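The structure under discussion appears below in the form of structure tokens.
Every number in this text was worked out from the coordinates using simple rules, so none of it is lab data. Everything numeric here is computed off the predicted structure, so don't read it as measured data. A quick note on method: Cβ atoms are made from the backbone with ideal geometry, for glycine too, and the neighbour counts reach across all protein chains shown.
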Amino acid sequence: LRMSKKIAQLTKVIYHLNNRNEDHEMDLQEMAEQYEAEIEQILKDTADKVNFFKNQLEAARDEKRIQEISKQLEAKYEDEKRRCLMELEAVRKRSSEKEAAIQKAATKQIDTLTVQVDQLQEQLQRRIK
């Protein structure tokens with residue numbers, strides 16, 4: 001009888017320990033799943049942050065590239081403007097020189113024609129007298 005009680009007690013203890021072990025295993029399994037889910041969430045958040053910063057970096061690079069292109073275009077514009085102004089000044093100078101030459105030639109021709117007119121008037125006056 002005493003042995004039966006001891007066996008019954010040992011059976012209860014084993015049953016209790018077995019249940020505790022199963023409960024503990026279930027708790028460990030549940031905790032492992034929670035940790036896995038948490039790790040998945042951390043990895044997803046990290047990937048989102050990396051993509052966000054990658055996009056920001058790309059946008060900054062694009063902006064910098066746009067600024068560089070803009071500066072290059074401004075420099076080309078200024079060079080072309082300077083070249084055109086110099087060319088315009090040269091054309092003005094040549095035009096002024098040509099105008100002066102034409103004026104000089106016209107003045108010379110007028111002087112020549114004036115002298116001829118004066119001579120012709122003198123001849124006419126002499127013939128009239």
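Assuming R0 = 35 Å, what is the FRET efficiency of GLN9 and GLU40, from their Cβ-Cβ distance, to the nearest 0.05?
0.15
When the dipole is taken about the Cα centre of the chain, and only Lys, Arg (+1) and Asp, Glu (-1) are charged at their Cβ, what size is it in debye, to the nearest 20?
The calculated dipole for the chain is roughly 1140 debye.
Grab the Cα-Cα distance for ALA105 and ARG20, subtract it from 0.36 nm times how many residues apart they are, and report the gain in nm with one decimal.
18.1 nm
With Rg and Dmax of the Cα atoms in Å in mind, check (1) 19.3, 68; (2) 54.5, 187; (3) 15.5, 47 and report the label derived from this structure.
Among (1) 19.3, 68; (2) 54.5, 187; (3) 15.5, 47, the one derived from this structure is (2).
Within region 1-114, how many lysine pairs that are 8 or more places apart, or on different chains, have C-alpha atoms less than 29 Å apart?
Number of lysine pairs found: 13.
With springs only between Cα atoms under 10 Å, which of GLN29, GLN103, GLN119 fluctuates most in a Gaussian network model of the chain?
Evaluated over the chain, the most mobile residue of the options is GLN119.
Compute the angle between helix 2-128 and the longest alpha-carbon principal axis of the chain, please, reported from 0 to 90 degrees and rounded to the nearest 10.
0 degrees
I want to check the label-to-label distance for GLU30 and LEU85. Put each point 7 Å from Cα in the C-beta direction and report it in nm to one decimal.
In this crude spin-label approximation the distance works out to 8.2 nm.
Using a simple spin-label model with points 7 Å from Cα along the Cα→Cβ vector, what separation in nm is obtained for VAL117 and ARG92?
3.6 nm
Residue farthest toward the positive end of the dipole of the chain, with Cβ of Lys/Arg at +1 and Asp/Glu at -1: which of ALA60, LEU73, GLN121?
It is GLN121, whose Cα lies furthest towards the positive end.
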